[in-house]
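The structure under discussion appears below in the form of structure tokens.
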Amino acid sequence: MFPRNAISLDPRLSAIRDLAGSCGNFADIGTDHGRLGAHMLLAGLCRFAQLTEVSERSLAKARELIGALGLSDRVRFLVGDGVEALEDPPDVAVIAGMGGRTIAGIVERGREILAHARIVMQPNVAAPELRLRLQRAGFRIADEMIAKDGRRLYVVIAAEAGRMELSPEEIEVGPVLLKNRPGALADYAAFKIRVLKKALADAEGAELRRKLGIWEALNHGDR
Ligand SMILES: C[S@@+](CC[C@H](N)C(=O)[O-])C[C@H]1O[C@@H](n2cnc3c(N)ncnc32)[C@H](O)[C@@H]1O
């Protein structure tokens, strides 16, 4: 018997685990190292796991970990793009550690097999686009969290089939985060303000460089 906490999780994966809850058939799409699936099985949070990867090499890492823990008989290792690799519809599907656009594409293509699943997503970027595309694909956001690991902040979103009508503020910040105002939201807002101000300065700089280029070309007789 392995102890419940034989696989410890960092704050990001812990938040994903907390929003996933417990289930029979768990799926981790883009599992890579396989730590989340191993933790879920050892902690009794799921009975069975489908661990998928688009990369055979990445899946080998999960295969090795799960094998070393003696859990291979409760796991299917599947190679393929997104949910297309799954053998059975999962109760909970995690799609984490990718860009929001990649995650949105996986959910849109996998709408039918995910119709009865709780989907837990952790987009590294483009969370607002992911929220909007979830709404358009017929999913509603059921819960959200911000995980903090040192100076790094991660948004985690749980969704289920259903309707929602998000306001522009809810798309940008997240409907549950906006309503519950968790402590980490202030840190996340400060981070977003820094990123947006820098992008604005870069954009303004680009426009000035474009204008400068026109005048310099004129002065050098290129135009
Ligand atoms: C940065 S890792 C994240 C691993 C793990 N999910 C986590 O959050 O710690 C992203 C993984 O997603 C996989 N991936 C990217 N696009 C995928 C897709 N369309 N289908 C399945 N896996 C994908 C990559 O091969 C990579 O191993």
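Counting only alpha carbon atoms, the long axis of helix 56-68 and the longest principal axis of the chain meet at about 40°. The count of lysine pairs in the chain that are at least 8 places apart or cross chains, and whose C-alpha atoms lie under 26 Å apart, stands at 9. The label point for residue 193 and the one for residue 214, both projected 7 Å from the Cα toward the Cβ, are 3.4 nm apart. With contributions of -39500 (n - 2.57) from each DSSP H run of at least four residues, the per-residue ellipticity at 222 nm computed over the chain stands at -14000 deg cm²/dmol. Relative to the 2.2 N^0.38 Å rule of thumb, the chain has a C-alpha radius of gyration ratio of 1.22.
Work out, step by step, the length gained on full extension between residue 186 and residue 148: first 0.36 nm times the residue separation, then minus their alpha carbon distance; give nm to one decimal. Extending this stretch completely gives an extra 12.5 nm. Between residue 163 and residue 87, full extension at 0.36 nm per residue minus the direct alpha carbon distance yields a gain of 24.7 nm.
Quick check: at a probe of 1.4 Å, how many percent of the accessible area of the chain sits on carbon and sulfur atoms? Don't skip to the answer; put the middle values down first.
On the way: 6270 of 12110 Å².
The C+S portion of the solvent-accessible surface of the chain is 52 percent.
From most to least packed by mean Cβ count within 10 Å, the peptides 181-187, 47-53, 65-71 give 47-53, 65-71, 181-187. The distance from the alpha carbon centre of the range 153-186 to that of the range 45-114 is 25 Å, rounded to a whole number. By how many degrees, between 0 and 90 and to the nearest 10, does the Cα long axis of helix 184-219 differ from the longest principal axis of the chain? That works out to roughly 40 degrees.
The values are calculated or read from the model by the stated rules, or taken from the named source; none is laboratory data. These figures come from a predicted structure and were not determined experimentally. FYI the Cβ positions are ideal-geometry reconstructions off the backbone, even for glycines, and counts take in every protein chain you see. Heavy atoms of the whole protein, side chains included, go into the accessibility calculation; ligands, DNA and RNA do not. Shrake-Rupley method; radii C 1.70, N 1.55, O 1.52, S 1.80 Å.
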